[in-house]
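**Student:** Please see the structure below; I have some questions.
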Amino acid sequence: TDRLDIPRIDYTNGEPSILLEPSRTNLVTYSEDATNWSTQSSSVLVTANQAISPSGTLNADKLIPANGSVTSNGGRYISFSSTAGTSYSVSVFVKQGEYRYISFSYGSAAAYGFHFDLQDGIIIQNLDNPAYTSISREAESFGNGWYRLKISLTDTVSIGARFIGVRPANEKPTATNNNYATTGDGTSGIYVWGFQIEVGSYPTSLIHTSGSAVTRSADA
């Protein structure tokens, strides 16, 4: 994604082919630096560069729920301004650490998304809300324990601060939203990398950012 005029190769169907994608912008200004993602009341801590990411580099961060009861419904999150009638696709790469479960959601307590089992690699419960029109939910395996969690929806309301959250859980979550209590020990957690928010009805490959939103030109 970073090299101009060098074709990217897609092996999805087993045979190499040139990957052609539309122009997209990653609205997350620090796609691979979770220390710049927000949290409420320091409820989810971050330790940088703790695992090899899907890029093959030691640059995946560890999300660690703080010691004690954690009630923040956002985990670590990105906030952006949404527009009614617009379709968004959000995605993040995650890997199991000491904790097995994660919630990935669009919106606050009235959230859309799912709870995910990082060990078995399955969505264990969908989160739905009438404020959003569902398009798709998916978890794609990238090998070595990494999954790319993906949500696509149409937002029906314009909101100045719409939250997309990644929340580790030490026990299997059963709540119908992302606002549930969990307990942290201050050292255990999960690994994350490559957060992306883009306008569109499906997610595209990761656009790397390090301080500002980045637009990738359409392939032709």
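The values are calculated or read from the model by the stated rules, or taken from the named source; none is laboratory data. Everything numeric here is computed off the predicted structure, so don't read it as measured data. A quick note on method: Cβ atoms are made from the backbone with ideal geometry, for glycine too, and the neighbour counts reach across all protein chains shown. Just the protein is used for accessible areas: all its heavy atoms, side chains included, with ligands, DNA and RNA removed. Shrake-Rupley method; radii C 1.70, N 1.55, O 1.52, S 1.80 Å.
**Student:** Taking the simple approach of a point 7 Å from Cα along Cα-to-Cβ for both Asn49 and Tyr30, what is their distance in nm?
**Tutor:** 1.4
**Student:** Now, a different point. Tell me which of Pro54, Tyr202, Ile124 sits at the most positive position along the dipole axis of the chain, charges placed on C-beta atoms (Lys, Arg +1; Asp, Glu -1).
**Tutor:** With unit charges placed on the Cβ atoms, the residue in question is Ile124.
**Student:** Between Ser87 and Asp128, how many nm apart are label points set 7 Å from Cα along the C-beta direction?
**Tutor:** About 2.0 nm, to one decimal.
**Student:** Would you mind telling me which residue in Pro54, Pro203, Pro16 has the biggest mean-square fluctuation in a Gaussian network model of the chain, where springs connect alpha carbons within a distance under 10 angstrom?
**Tutor:** Pro16
**Student:** What FRET efficiency do you get for Asp185 and Gln119 if R0 is 22 Å and r is their Cβ-Cβ distance, rounded to the nearest 0.05? Can you show the working numbers first?
**Tutor:** Values: r = 19 Å, r/R0 = 0.84.
Between Asp185 and Gln119 the formula returns 0.75.
**Student:** Still on this structure, please answer the following. For the range 103-220, with only Lys/Arg (+1) and Asp/Glu (-1) charged at the beta-carbon, what is the dipole magnitude about the Cα centre, in debye rounded to 20? Provide the component values of the computation, followed by the final result.
**Tutor:** Numbers: 7 positive and 10 negative charges, 38 e Å.
My answer is approximately 180 debye.
**Student:** Please calculate how many Å² of accessible area the range 5-154 carries per residue, with a 1.4 Å probe and no DNA, RNA or ligand atoms counted.
**Tutor:** Computed with neighbouring chains in place, this is 44 Å² per residue.
**Student:** Given a Förster distance of 45 Å, report the FRET efficiency between Ser69 and Ala220 from their Cβ-Cβ distance, rounded to the nearest 0.05.
**Tutor:** Numbers: r = 53 Å, r/R0 = 1.17.
Working from the Cβ atoms, E equals 0.30.
**Student:** Quick one: if you stick a label point 7 Å off each Cα along the C-beta vector at Val199 and Ser41, how many nm between them?
**Tutor:** Spacing of the two 7 Å Cα→Cβ label points: 3.6 nm.
**Student:** Which entry in [x] 1.05; [y] 0.95; [z] 1.01 matches Rg/Rh (Cα atoms, Kirkwood Rh) derived from the coordinates of this structure?
**Tutor:** Only one option fits the structure, namely [y].
**Student:** Which value, in debye to the nearest 20, describes the size of the charge dipole of the chain about its Cα centre when Lys and Arg Cβ atoms bear +1, Asp and Glu Cβ atoms bear -1, and nothing else is charged? Spell out each step's value before the answer.
**Tutor:** On the way: 14 positive and 19 negative charges, 69 e Å.
It works out to roughly 320 debye.
**Student:** Right, here's the next one. Roughly speaking, to the nearest percent, how much of the range 45-198's 1.4 Å accessible area is carbon and sulfur?
**Tutor:** On the way: 2590 of 5710 Å².
Looking at the range 45-198 in its full context, I get 45 percent from C and S.
**Student:** Which order do peptides 168-176, 7-15 fall in by mean Cβ count within 10 Å, highest first? Could the numbers behind the result be given before it?
**Tutor:** Working: 168-176: 17.4, 7-15: 9.2.
The densest-packed peptide leads the list: 168-176, 7-15.
**Student:** In whole Hz, with x marking every Gly and Pro, tabulate ³J(HN,Hα) for the range 164-171 from phi via Karplus 6.51 cos²θ - 1.76 cosθ + 1.60, θ = phi - 60°.
**Tutor:** Couplings: 10, x, 10, 10, x, 9, 7, 10 Hz.
**Student:** I need the calculated FRET efficiency for the pair Ser136 and Ala110, taking r as the beta carbon distance and R₀ as 25 Å, to the nearest 0.05.
**Tutor:** Values: r = 20 Å, r/R0 = 0.78.
The value I calculate is 0.80.
**Student:** A further question follows. Note the full-extension length gain between Val157 and Thr174 as 0.36 nm times their separation in residues minus their Cα-Cα distance, in nm to one decimal. The partial results should precede the final answer.
**Tutor:** Values: separation 17, 0.36 × 17 = 6.12 nm, distance 2.68 nm.
So the extension gain works out to 3.4 nm.
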